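The values are calculated or read from the model by the stated rules, or taken from the named source; none is laboratory data. Remember, it's a predicted structure, so these values are computed and weren't measured experimentally. FYI the Cβ positions are ideal-geometry reconstructions off the backbone, even for glycines, and counts take in every protein chain you see. The protein model used for the area step is the full one, side chains on, heavy atoms only, and it has no ligands, DNA or RNA in it. Shrake-Rupley method; radii C 1.70, N 1.55, O 1.52, S 1.80 Å.
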Amino acid sequence: MNIKFLFPIDGDVLTPDDGELITEPLYGERLWIPVRLRIEGVAGDMDIPVTVNERPAVRVKNPGPDEIDTFCDAVYEVKVPLDGVRTTLDARAFGAGEVIRVYRFKEAYRKYRLAIDDIVWSMMELTERAGDIGSMFEVPFFRLFRDLHGEYGTKVHMNLYYTDETGKFNLSMVPEKFREEFTENSGWLKFTFHARANDPDHIYRHAPYSEVLHDYHQVTNEILRFAGPEVNTDVNGLHFAETTLEGARALRSVGIRCLVGYYITENGCPSIAYYLNREQNAHCFGRDFWVDNAEDIIFSKDKMVIDQCRLEEIESTLDFLKNERPHEAGTMNFVTHEQYFYPHYRNYQEDYRKKIFTAVGWAAKNGYAPCFLDEVFR
């Protein structure tokens, strides 16, 4: 007899949209979730004792067609409370057992974060103008995000390249003149490794452990030098959100806990999904977070690529996510790319600022508070 968890699955991060919040005298507020199991090898209408965490489950009379594989399968359900950040679910039936670990990140609900990928031109501009300016915010790109933080309290996570596309500039050239200012603003502005460069596009698709580790240190050491350790974070958005399992393990070895991507499918294969297989990728696409328990890595989904949306469609797209796809909308991850800000870029977007302010303004109006992701894993 085999037991399979249908919902939740191992590594799921559950939110109030997955169950019911109940305040109890002894425990306070707890999230109760309906656990569904498939028990293989149950003949006919036979009812067998099934438990989850010693709570008796009830056989479901009309399971969904996607929940059973053969006429000998039965589906059982029981409501179970989640206690703390991590909960072990132990299912038992006639001596057979199956154990999974699931999570609840209480602080992650109704939060939003903003990430900016491909950061290099703003650092080059800061370096070129360092002798003539007294503040990093005299660079228009950085001033935009200070304005955004001033209006909405937004926290901004920037992912950096080591070098530009010409190879004539790299982060080792950034002066330490603005280090104190970076540190002073680290409560709302963070920097992490993105890639060595934007060449080739899929730079880490087949990269070994050693390459990812080398490039991580190359970028991070410079960030620590010119901006200080306060700006660093253990959340990472790797370029194109793809790498090998070994590459992901390299990032985990230096303390990266969370990887952010889109988890889409292109030509039938996972894309912008790190090392995840098809089943894992499809699951992450529909969730805020999922944890690969085998690797101790949290995956988080970007909900909107702002520069890929028309200004007039941003609010309606976010309304749809919030109302129709609630399991993706507990934490709103916004991402955009630096290059669309600069007029010399071939795909420059004149409404770059308006787009970002519109997305963040929507979040504020809909009760989402700003966060860094590493603040909500508790």
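Observations on the model:
- So Glu230, is it open to solvent by 70 Å² or more (accessible area, probe 1.4 Å), in contact (Cβ under 8 Å) with a residue 40 or more places away in the chain and over 19 Å from the mean Cα position of the chain (by Cα): yes
- Residues being assigned to a helix (DSSP H, G or I) and over 19 Å from Glu315 (Cβ atoms) - total across the range 341-356: 1
- Considering the range 236-326, the qualifying strands (runs of 3 or more DSSP E), each wholly inside and each with 1 or more residues that are farther than 30 Å from Arg353 by Cβ, run over 264-266, 269-271, 289-292, 297-301.
- Thr154 vs. criteria assigned to a loop (DSSP other than H, G, I, E, B), in contact with a helix residue (DSSP H, G or I) (Cβ under 9 Å, 6 or more places away or on another chain) and crowded, with 18+ Cβ neighbours inside 10 Å: yes
- Within the range 1-50, the residues that satisfy the criterion of being β-branched (Val, Ile, Thr) and open to solvent by 50 Å² or more (accessible area, probe 1.4 Å) are Ile9, Ile22, Thr23.
- Being at pLDDT below 95, of a type in the set (D, E, K, R) and open to solvent by 20 Å² or more (accessible area, probe 1.4 Å) holds for only one residue in Glu266, Glu279, and it is Glu266.
- Among the residues of the range 312-320, none qualifies, meaning not one is under 25 Å from Ala197 (Cα atoms) and open to solvent by 50 Å² or more (accessible area, probe 1.4 Å).
- Top-ranked residue of the range 51-101 - restricted to ones that are open to solvent by 80 Å² or more (accessible area, probe 1.4 Å) and over 28 Å from Ala294 (Cβ atoms), ranked as farthest from the chain's Cα centre (by Cα): Phe71
- Selection within the range 1-20 - among the hydrophobic types (A, V, I, L, M, F, W, C) and in contact with a Phe, Trp or Tyr (Cβ under 8 Å, 6 or more places away or on another chain): Met1, Val13, Leu14
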